[in-house]
Amino acid sequence: MIRTGLFTTGVLFIAGCAVGNSGIGPATPSGELPAVPQGGTVLIANSLSETLSRLDLTTTPARMEPQVALTGQAPNALLLYGSEILVVNSLSNSVQLLDRQTLSQVAEYSLGSRTNPWDAVIVGDTAWVSCWVSQEVVGLDLTDGTIHQRIAAPTSDGLPHVPGVTTRAYPQGMAQDLNESRIYVALPNLNAQFLPAGAGVLWTLTRDGDSFQSDGITVLEPAANAADVTVSNIGGRPAVIVACAGDFESGTGYRENGTLTWLDGVTLQVREHRLVESAPVRVTARGPWAYAPGAQTGDVVALEFGATAAPVRITLPDAGAGQNYASAVAFGDDTTLLALQFNSDRLYAIDVRTWTVSGGVTTGDGPVALLVLPRE
């Protein structure tokens, strides 16, 4: 089944040419993060040093422990699983479980060679893991490491693509709806040179007892390079929000024509495409507001779906050299959005009431993922 949102009745397409710049950060990082009284503990996955950092948001200033645990190779996602932390290790082709309190390893399960796991969601005691290279979602039993199911991603024949060009799905970011009946997977849809050669795609898996079955795709045309997905609630209805990083050119990088797309969480019809002058690679949302870090511009874009106001661009301080890559965002509490910068190895706090930026506390090397743990 292929769904397309391009000509759906009622789709609102709003160009984001006049992106606001009201949230310019400090010229230099302070190295300190103010306390977040309602926050708890934050874990940060550092892809290059292959470690976890731990941040205590309740102290003044917030206290960072830059290296508290070892992971596998290239950790890319963190999830809470009961009393344990799940780590998705992309280059180790594994899922790792750590004790929440001590961060000592409980188990590590292989997904098979050349799987390149990217993200995961947890349903019961099963982790459903998107695998970039092997083009599948793997159902892994977290109690013993048994692989229950491998769901093949759509092939080129089932994906939108430029005539004569073969594309592959390359599953990336994942989310599940609140009743755990659907899993959503962002598919970049890339050619042999790993460049977008067709519209970005949202792949839906529907629950069937203890398993999930492929239930078709939603074509996000004209958005390209679907990178991540999250769920929210907008106007009293469930919503699915997809971040598409946009076009990429070898030698010059992203063209900064990425989009954030809101789909109805029941029908999966596209409600709005919003162009942003950025390359959003991850996304989180609260109500109608979506927040996405930019892979090339080093900023965080915030926008309100259902409103006509231009997106807000929150510029993070560039404390490092080279490409200024904002890699992840997550809420520390109701008003504080935490943001990572990959190149400068720093974490910042954004007050979403005023768009002001503070902090600049050092993480490990190459931070890529955040997990905010609720207070116990």
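The values are calculated or read from the model by the stated rules, or taken from the named source; none is laboratory data. What you are looking at is a predicted structure, and each value in this text was computed from that prediction instead of being measured. Ideal geometry is used to build each Cβ from the backbone, glycine not excepted, and the neighbour counts take in all protein chains shown.
With respect to the stated conditions, R286 is over 16 Å from G258 (Cα atoms), basic (K, R) and in contact (Cβ under 8 Å) with a residue 40 or more places away in the chain.
Regarding P163, is this residue farther than 23 Å from W289 by Cβ and loosely packed, with under 15 Cβ neighbours inside 10 Å? Taking the combined requirement at face value, the residue satisfies it. In segment 112-206, counting only strands (runs of 3 or more DSSP E) that sit wholly within it, the ones holding 2 or more residues that are under 16 Å from V240 (Cβ atoms) span 117-123, 174-176, 182-187. Residues that are in contact with a Lys or Arg (Cβ under 8 Å, 6 or more places away or on another chain) and farther than 13 Å from F305 by Cβ within segment 244-278 comprise G246, D247, F248, E249, V266, L268, Q269, E277, S278, listed in sequence order. Among the residues of segment 94-130, those that are among the charged types (D, E, K, R) and either under 25 Å from D177 (Cβ atoms) or crowded, with 22+ Cβ neighbours inside 10 Å (or both) comprise D119, D125.
Let's see how each residue does on (1) part of a strand (DSSP E or B); (2) at pLDDT 95 or above; (3) out of contact with any helix residue (DSSP H, G or I) (no Cβ under 6 Å at 6 or more places or on another chain):
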site	(1), (2), (3)
T230	yes, yes, yes
A239	yes, yes, yes
G246	no, no, yes
G251	no, no, yes
T261	yes, yes, yes
L268	no, yes, yes
A292	yes, yes, yes
Q296	no, no, yes
L303	yes, yes, yes
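Pairs linking a residue in segment 225-243 that is among the basic types (K, R) to a residue that is in a strand (DSSP E or B), with Cβ atoms under 9 Å and 6 or more positions apart or on different chains, are R237/D264.
In this structure, F305 does not satisfy being surrounded by 18 or more Cβ atoms within 10 Å (Cβ to Cβ), touching a Phe, Trp or Tyr at 6+ places or on another chain (Cβ under 9 Å) and either farther than 30 Å from R237 by Cβ or not aromatic (F, W, Y) (or both).
Each residue in segment 243-269 was checked for being over 21 Å from L190 (Cβ atoms) and crowded, with 24+ Cβ neighbours inside 10 Å, and 2 of them qualify. For segment 272-289, residues that are in a strand (DSSP E or B) and in contact with an Asp or Glu (Cβ under 8 Å, 6 or more places away or on another chain) total 2.
For segment 35-93, residues that are crowded, with 21+ Cβ neighbours inside 10 Å, modelled with pLDDT under 95 and more than 17 Å from S327 (Cβ to Cβ) total 4.
Taken together, the criteria place L371 among residues that are assigned to a strand (DSSP E or B) and either modelled with pLDDT of 95 or more or surrounded by fewer than 21 Cβ atoms within 10 Å (Cβ to Cβ) (or both).
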